[in-house]
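Reading through the structure tokens given below for one structure.
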Amino acid sequence: MTTKTIGIIGGGQLGRMLAMAAARLNFRTIILEPQADCPAAQLANRQIAAAYDDPAGLDELAAACDVVTYEFENVPVAAAERLAARVPVYPPPRALEVAQDRLTEKRFINDCGIPTARFHAIDSQADLDAALADFGGQGVLKTRRLGYDGKGQKVFRSAADDAAGAFASLGSVPMILESFVAFERELSVIAARALDGKVRAFDPAENVHRNGILHTSTVPANVSEATAEAARAAAAAILGKLDYVGVIGIEFFVLADGGLVANEMAPRVHNSGHWTEAACVISQFEQHIRAVAGLSLGNPRRHSDCVMQNLIGDDIDVLPQWLATDDTLVHLYGKTEARPGRKMGHVTTLKR
């Protein structure tokens, strides 16, 4: 088997776990990341310390790799397109373009025949005032770009909430106002599409968030098989429309009748899929490497029920307790400083 080199844009924990999976399959990895002591560089074969949009760094990566992927969705689209002119880039730059703009994303998902929350484009305070009036004073105002883990958002719970100055408070940038969804639980599905178009999906996970950050993912989710199959079908539709290669994460709200409303998509391996490394023979990380390298996708079947929990900030202080817990896989990210809201690792406990 000829050793190939996979380039990974981004040096965080997802890049680190991709590098681990690549090494198991005899691939070399090169990380493009400006931070010299990034988690992924601890395990990759090489790091190019350059900005994500640095032309020289991008050209160096393209020259050294057989294929390039990425670990986060805010890679500049122009950078991905520059690379794609020289070397295969998976998932395709079009997936980045869709996922980076919440308005574009919502419209794309609707075009796939998948419902979302109602929404309005917001480009001014006047737009916001009119949209809130349409939604009865309620909704979630979000910047269209760069927000994550609850950042870049403002919630309006009733008409009594003061919206004056809200547009300016979030930077006077293009935004979207989303209506509230009366949901019973949150669900996500991790799916992969190969170069030949074959799609394989892991079992959907039921997610709980705290302060806008994923806290736990539980598998199996407390939903009917019809709801689980609808989530897989939605993922397949999105993957096909994008001519996608690699792993994607798609989050949903589950309604009282079992129906699904798509919340957002992430064109990469996803936090809510970390459980797969403990409860499946093939993890989401290996599945992604297989897909982008042109290999056959693995069987995503779950061999155990489980609960994955993120270790956020000072949660790392209880590490000894997790290490003493039976049937628990502990995965730390190589970060030396615990800060509020920072993901330090995760643990997955199998349910026998």
>> From the list A44, A23, A50, A63, exactly one residue is among the hydrophobic types (A, V, I, L, M, F, W, C), within 22 Å of G294 (Cβ to Cβ) and part of a loop (DSSP other than H, G, I, E, B). Which is it?
In response: A44
>> I want to confirm something. Restricting to the stretch 218-250 and keeping residues that are part of a strand (DSSP E or B) and out of contact with any Asp or Glu (no Cβ under 7 Å at 6 or more places or on another chain), which single residue is farthest from R185 (Cα to Cα)?
In response: G246
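In the stretch 38-58, how many residues are of a type in the set (D, E, K, R) and either buried (at least 16 other Cβ atoms within 10 Å of the Cβ) or touching a residue at least 60 places away in the same chain (Cβ under 8 Å) (or both)?
Initial filter on the stretch 38-58 (of a type in the set (D, E, K, R)): 46, 53-54.
Next, only the ones that are either buried (at least 16 other Cβ atoms within 10 Å of the Cβ) or touching a residue at least 60 places away in the same chain (Cβ under 8 Å) (or both) stay: 54.
Summing the residues that are of a type in the set (D, E, K, R) and either buried (at least 16 other Cβ atoms within 10 Å of the Cβ) or touching a residue at least 60 places away in the same chain (Cβ under 8 Å) (or both) in the stretch 38-58 gives 1.
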> Among the residues of the stretch 263-281, which ones are surrounded by fewer than 20 Cβ atoms within 10 Å (Cβ to Cβ) and more than 14 Å from the chain's Cα centre (by Cα)?
Replying inline: V281
>> Six or more apart or on different chains, Cβ atoms under 7 Å: show the pairs whose first residue is in the stretch 216-228 and assigned by TED's automatic domain parsing to the domain that holds H270 and whose second is among the aromatic types (F, W, Y).
In response: S217/W275; V219/W275
>> Test of understanding: among P55, P88, P76, which residue is more than 20 Å from I238 (Cβ to Cβ) and touching a strand residue (DSSP E or B) at 6+ places or on another chain (Cβ under 6 Å)?
In response: P88
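From the list V208, V155, V140, V173, exactly one residue is in a strand (DSSP E or B), over 21 Å from N110 (Cβ atoms) and outside the structural domain of P267 (by TED's automatic domain parsing). Which is it?
Exactly one of V208, V155, V140, V173 is in a strand (DSSP E or B), over 21 Å from N110 (Cβ atoms) and outside the structural domain of P267 (by TED's automatic domain parsing), namely V155.
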> Mind checking which residues of the stretch 198-215 are closer than 22 Å to R352 by Cα and either crowded, with 21+ Cβ neighbours inside 10 Å or touching a residue at least 60 places away in the same chain (Cβ under 8 Å) (or both)?
Replying inline: F202, D203, P204, A205, N207, H215
> Right, A130: on the phi < 0 side of the Ramachandran plot, part of a loop (DSSP other than H, G, I, E, B) and small (G, A, S) or not?
Replying inline: no
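Out of I8, I30, which single residue is touching a strand residue (DSSP E or B) at 6+ places or on another chain (Cβ under 6 Å), under 20 Å from Y244 (Cα atoms) and β-branched (V, I, T)?
That would be I8, the only listed residue that is touching a strand residue (DSSP E or B) at 6+ places or on another chain (Cβ under 6 Å), under 20 Å from Y244 (Cα atoms) and β-branched (V, I, T).
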> Out of D305, D257, which single residue is in contact with a Lys or Arg (Cβ under 9 Å, 6 or more places away or on another chain), charged (D, E, K, R) and modelled with pLDDT of 95 or more?
Replying inline: D305
> So how many residues does the stretch 78-103 have that are among the basic types (K, R) and surrounded by 21 or more Cβ atoms within 10 Å (Cβ to Cβ)?
Replying inline: 1
> Is it true that F253 is in a strand (DSSP E or B) and either among the aromatic types (F, W, Y) or loosely packed, with under 15 Cβ neighbours inside 10 Å (or both)?
Replying inline: yes
> Looking at (1) modelled with pLDDT of 95 or more; (2) more than 20 Å from the chain's Cα centre (by Cα); (3) within 22 Å of L43 (Cβ to Cβ); (4) among the charged types (D, E, K, R), can you tell me which one E337 breaks?
Replying inline: (1)
> If a residue has to be under 14 Å from L260 (Cα atoms) and out of contact with any Gly (no Cβ under 7 Å at 6 or more places or on another chain) to count, how many in the stretch 208-231 make the cut?
Replying inline: 7
> Of all residues in the stretch 152-187, how many are touching a residue at least 60 places away in the same chain (Cβ under 8 Å) and touching a Gly at 6+ places or on another chain (Cβ under 8 Å)?
Replying inline: 3
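The values are calculated or read from the model by the stated rules, or taken from the named source; none is laboratory data. Only a predicted model underlies this, so the values are computations on that prediction, with no experimental measurement involved. Every residue, glycine among them, receives a Cβ derived from its backbone with ideal geometry; neighbour counts consider all protein chains shown.
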